[in-house]
Amino acid sequence: MASILVLNGPNLNLLGEREPEHYGHDSLPELEKRLQSQAKALGHTLGAFQSNHEGALVDRVQQARRDGTAFLLLNPGGYTHSSVALRDALAAVKLPFIEVHVSNIHAREAFRRQSYFSDLAVGTIAGLGTQGYELALLAADRWLYSHSH
Ligand code: CA2
(Lines give C-alpha, C1' and ligand atoms only; values in the text may rest on other atoms or scores of the structure.)
Protein backbone atom coordinates (compact mmCIF):
# COMPACT_ATOMS: atom_id res chain seq x y z
CA MET A 1 0.00 0.00 0.00
CA ALA A 2 1.63 3.23 -1.15
CA SER A 3 0.65 6.83 -1.60
CA ILE A 4 0.90 7.98 -5.22
CA LEU A 5 0.58 11.56 -6.45
CA VAL A 6 -0.52 12.64 -9.94
CA LEU A 7 0.91 16.05 -10.68
CA ASN A 8 -0.25 18.02 -13.71
CA GLY A 9 1.22 21.29 -14.90
CA PRO A 10 -0.16 24.31 -16.75
CA ASN A 11 -3.21 24.07 -19.01
CA LEU A 12 -3.90 20.43 -18.26
CA ASN A 13 -7.06 21.65 -16.49
CA LEU A 14 -8.28 22.21 -20.08
CA LEU A 15 -8.15 18.50 -20.95
CA GLY A 16 -11.26 17.43 -22.81
CA GLU A 17 -12.23 21.03 -23.57
CA ARG A 18 -9.90 22.05 -26.42
CA GLU A 19 -7.59 20.54 -29.08
CA PRO A 20 -9.01 16.97 -28.90
CA GLU A 21 -6.70 16.03 -31.82
CA HIS A 22 -3.75 16.36 -29.41
CA TYR A 23 -5.30 15.79 -25.99
CA GLY A 24 -8.43 13.64 -26.45
CA HIS A 25 -11.87 13.96 -24.92
CA ASP A 26 -11.39 13.02 -21.25
CA SER A 27 -11.61 15.84 -18.72
CA LEU A 28 -9.06 16.08 -15.90
CA PRO A 29 -11.62 15.33 -13.13
CA GLU A 30 -12.78 12.23 -15.09
CA LEU A 31 -9.20 11.08 -15.51
CA GLU A 32 -8.36 11.66 -11.83
CA LYS A 33 -11.44 9.69 -10.77
CA ARG A 34 -10.44 6.78 -13.01
CA LEU A 35 -6.91 6.81 -11.63
CA GLN A 36 -8.23 6.87 -8.07
CA SER A 37 -10.28 3.71 -8.58
CA GLN A 38 -7.41 2.02 -10.42
CA ALA A 39 -5.07 2.88 -7.52
CA LYS A 40 -7.60 1.55 -5.01
CA ALA A 41 -7.89 -1.73 -6.93
CA LEU A 42 -4.09 -2.01 -6.81
CA GLY A 43 -4.14 -1.36 -3.05
CA HIS A 44 -2.77 2.18 -3.15
CA THR A 45 -4.07 5.65 -2.41
CA LEU A 46 -3.83 8.37 -5.05
CA GLY A 47 -3.82 12.12 -4.67
CA ALA A 48 -4.04 14.61 -7.53
CA PHE A 49 -2.80 18.16 -7.94
CA GLN A 50 -2.86 20.48 -10.95
CA SER A 51 -1.53 24.00 -11.13
CA ASN A 52 -0.85 26.62 -13.77
CA HIS A 53 1.87 28.11 -11.53
CA GLU A 54 5.47 26.94 -11.46
CA GLY A 55 6.04 27.83 -7.79
CA ALA A 56 2.90 25.97 -6.69
CA LEU A 57 4.18 22.85 -8.47
CA VAL A 58 7.59 23.24 -6.82
CA ASP A 59 5.88 23.61 -3.41
CA ARG A 60 3.77 20.49 -4.02
CA VAL A 61 6.84 18.44 -4.97
CA GLN A 62 8.65 19.59 -1.81
CA GLN A 63 5.56 18.73 0.26
CA ALA A 64 5.49 15.25 -1.30
CA ARG A 65 8.81 14.50 0.40
CA ARG A 66 7.22 15.24 3.80
CA ASP A 67 3.73 13.74 3.35
CA GLY A 68 4.76 10.17 2.64
CA THR A 69 4.25 10.18 -1.13
CA ALA A 70 6.08 7.15 -2.51
CA PHE A 71 5.77 7.77 -6.26
CA LEU A 72 4.78 10.55 -8.64
CA LEU A 73 3.10 10.51 -12.03
CA LEU A 74 4.18 13.82 -13.52
CA ASN A 75 2.99 15.70 -16.57
CA PRO A 76 4.80 19.04 -16.32
CA GLY A 77 2.83 20.43 -19.30
CA GLY A 78 4.67 23.29 -21.01
CA TYR A 79 7.17 23.38 -18.12
CA THR A 80 8.53 20.12 -19.51
CA HIS A 81 10.54 22.20 -21.94
CA SER A 82 11.52 25.10 -19.71
CA SER A 83 11.49 24.57 -15.96
CA VAL A 84 14.86 24.23 -14.28
CA ALA A 85 13.11 25.06 -10.98
CA LEU A 86 10.70 22.13 -11.18
CA ARG A 87 13.50 19.83 -12.31
CA ASP A 88 15.60 20.94 -9.33
CA ALA A 89 12.69 20.18 -6.97
CA LEU A 90 12.35 16.63 -8.36
CA ALA A 91 16.09 16.09 -8.11
CA ALA A 92 16.12 17.42 -4.52
CA VAL A 93 13.31 15.25 -3.15
CA LYS A 94 14.68 12.15 -4.89
CA LEU A 95 11.20 10.64 -5.27
CA PRO A 96 10.73 8.20 -8.15
CA PHE A 97 8.46 9.44 -10.92
CA ILE A 98 7.18 8.57 -14.37
CA GLU A 99 6.93 11.43 -16.87
CA VAL A 100 3.65 11.30 -18.79
CA HIS A 101 2.64 13.22 -21.90
CA VAL A 102 -0.78 12.90 -23.46
CA SER A 103 0.47 13.88 -26.91
CA ASN A 104 3.50 12.50 -28.73
CA ILE A 105 6.00 15.25 -27.97
CA HIS A 106 8.39 13.72 -30.52
CA ALA A 107 5.94 14.15 -33.39
CA ARG A 108 5.24 17.86 -32.83
CA GLU A 109 7.30 21.06 -32.87
CA ALA A 110 11.06 20.56 -32.40
CA PHE A 111 11.12 22.45 -29.07
CA ARG A 112 8.85 19.80 -27.53
CA ARG A 113 11.47 17.11 -28.03
CA GLN A 114 13.59 18.47 -25.20
CA SER A 115 12.50 17.58 -21.66
CA TYR A 116 14.11 18.80 -18.46
CA PHE A 117 12.75 15.70 -16.68
CA SER A 118 13.32 12.57 -18.75
CA ASP A 119 16.82 11.82 -17.50
CA LEU A 120 15.60 11.91 -13.87
CA ALA A 121 12.47 9.84 -14.51
CA VAL A 122 12.08 6.10 -13.93
CA GLY A 123 10.54 6.14 -17.41
CA THR A 124 8.47 8.22 -19.81
CA ILE A 125 5.21 7.65 -21.66
CA ALA A 126 4.12 9.91 -24.50
CA GLY A 127 1.54 9.87 -27.25
CA LEU A 128 -0.91 7.33 -25.82
CA GLY A 129 -3.52 9.85 -24.74
CA THR A 130 -4.83 9.96 -21.19
CA GLN A 131 -4.42 6.16 -21.16
CA GLY A 132 -0.73 6.98 -20.60
CA TYR A 133 -1.50 7.87 -16.96
CA GLU A 134 -3.17 4.48 -16.40
CA LEU A 135 -0.21 2.67 -17.94
CA ALA A 136 2.12 4.78 -15.78
CA LEU A 137 0.13 3.86 -12.67
CA LEU A 138 0.47 0.18 -13.51
CA ALA A 139 4.21 0.62 -14.04
CA ALA A 140 4.47 2.54 -10.74
CA ASP A 141 2.74 -0.34 -8.95
CA ARG A 142 5.23 -2.82 -10.44
CA TRP A 143 8.17 -0.53 -9.62
CA LEU A 144 7.02 -0.11 -5.99
CA TYR A 145 6.55 -3.86 -5.64
CA SER A 146 9.97 -4.72 -7.03
CA HIS A 147 11.67 -2.07 -4.88
CA SER A 148 10.12 -3.35 -1.66
CA HIS A 149 10.92 -7.07 -2.09
O1 CA2 B 1 1.30 16.15 -24.27
C2 CA2 B 1 1.38 16.58 -23.13
O3 CA2 B 1 0.87 16.02 -22.15
C4 CA2 B 1 2.07 17.92 -22.87
O5 CA2 B 1 2.77 17.84 -21.64
C6 CA2 B 1 0.98 18.95 -22.80
C7 CA2 B 1 1.47 20.39 -22.71
C8 CA2 B 1 2.49 20.67 -23.80
O9 CA2 B 1 3.03 21.98 -23.62
C10 CA2 B 1 3.61 19.66 -23.79
O11 CA2 B 1 4.49 19.96 -24.85
C12 CA2 B 1 3.07 18.26 -23.96
C13 CA2 B 1 0.33 21.39 -22.89
C14 CA2 B 1 -0.83 21.14 -22.04
C15 CA2 B 1 -1.99 21.79 -22.69
O16 CA2 B 1 -3.10 21.04 -22.37
C17 CA2 B 1 -4.23 21.29 -23.05
C18 CA2 B 1 -5.20 20.36 -22.91
C19 CA2 B 1 -6.39 20.51 -23.59
C20 CA2 B 1 -6.59 21.63 -24.36
C21 CA2 B 1 -5.61 22.57 -24.50
C22 CA2 B 1 -4.41 22.41 -23.83
Practice item. Calculate the dipole size of the range 9-51 relative to its Cα centre from +1 charges on Lys and Arg beta carbons and -1 charges on Asp and Glu beta carbons; express the result in debye to the nearest 20. Key: 260
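Please give the per residue accessible area of the chain, computed with a probe of 1.4 Å over protein heavy atoms only, in Å².
Working: 7520 Å² over 149 residues.
Here the residues of the chain average 50 Å² of exposed surface.
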**Study point:** Relative packing of peptides 101-113, 119-131, 69-81 - highest average C-beta neighbours within 10 Å first
**Key:** 69-81, 119-131, 101-113
Check your understanding: At a 1.4 Å probe, what is the % contribution of carbon and sulfur to the accessible area of the chain?
Key -> 51
Review point. Does the range 86-136 come out rounded, prolate or oblate by the C-alpha gyration tensor, with a ≥ b ≥ c the root eigenvalues, rounded set by a/c under 1.5 and, if not, prolate when a/b is larger than b/c and oblate if not?
Key: oblate
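How large is the helix-only mean residue ellipticity at 222 nm for the chain, computed as the sum of -39500 (n - 2.57) over DSSP H runs with n ≥ 4, divided by its residue count, in deg cm²/dmol to the nearest 500? Working shown, then result.
Working: 5 runs with 57 residues, N = 149.
Rounded to the nearest 500, the figure is -11500 deg cm²/dmol.
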Revision key, fill the gap. Total charge of the residues flanking Pro20 in space, meaning their Cβ is under 14 Å from its Cβ, with Lys and Arg +1 and Asp and Glu -1, is -4
Exercise for review: Rounded to the nearest Å, what's the spacing between the alpha carbon centres of the range 57-88 and the range 6-34? Just the number, please.
Suggested key: 18
Point to revise | Dipole magnitude of the chain about its Cα centre (Cβ charges: Lys, Arg +1; Asp, Glu -1), debye to nearest 20 | key: 320
Point to revise | Most positive-pole-ward Cα, Ala56, Ala121, Trp143, against dipole of the chain from beta carbon charges | key: Trp143
Review point. Which parts of the range 89-132 would a label at His25 reach, counting a residue when its backbone N lies under 19 Å from a point 7 Å out along Cα-to-Cβ?
Key: 102-103, 128-132
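Could you give the dipole magnitude of the range 96-148 about its Cα centre, charging the beta-carbon of Lys and Arg +1 and that of Asp and Glu -1, in debye to the nearest 20?
Values: 4 positive and 5 negative charges, 28 e Å.
With Lys and Arg at +1 and Asp and Glu at -1, about 140 debye.
The values are calculated or read from the model by the stated rules, or taken from the named source; none is laboratory data. This is a predicted model, so every value here is computed, not measured. In this analysis, Cβ positions are derived from the backbone assuming ideal geometry, glycine residues included, and neighbour counts consider all displayed protein chains. Note: accessible area is taken over every heavy atom of the protein model, side chains too, but ligands, DNA and RNA are not part of it. Shrake-Rupley method; radii C 1.70, N 1.55, O 1.52, S 1.80 Å.
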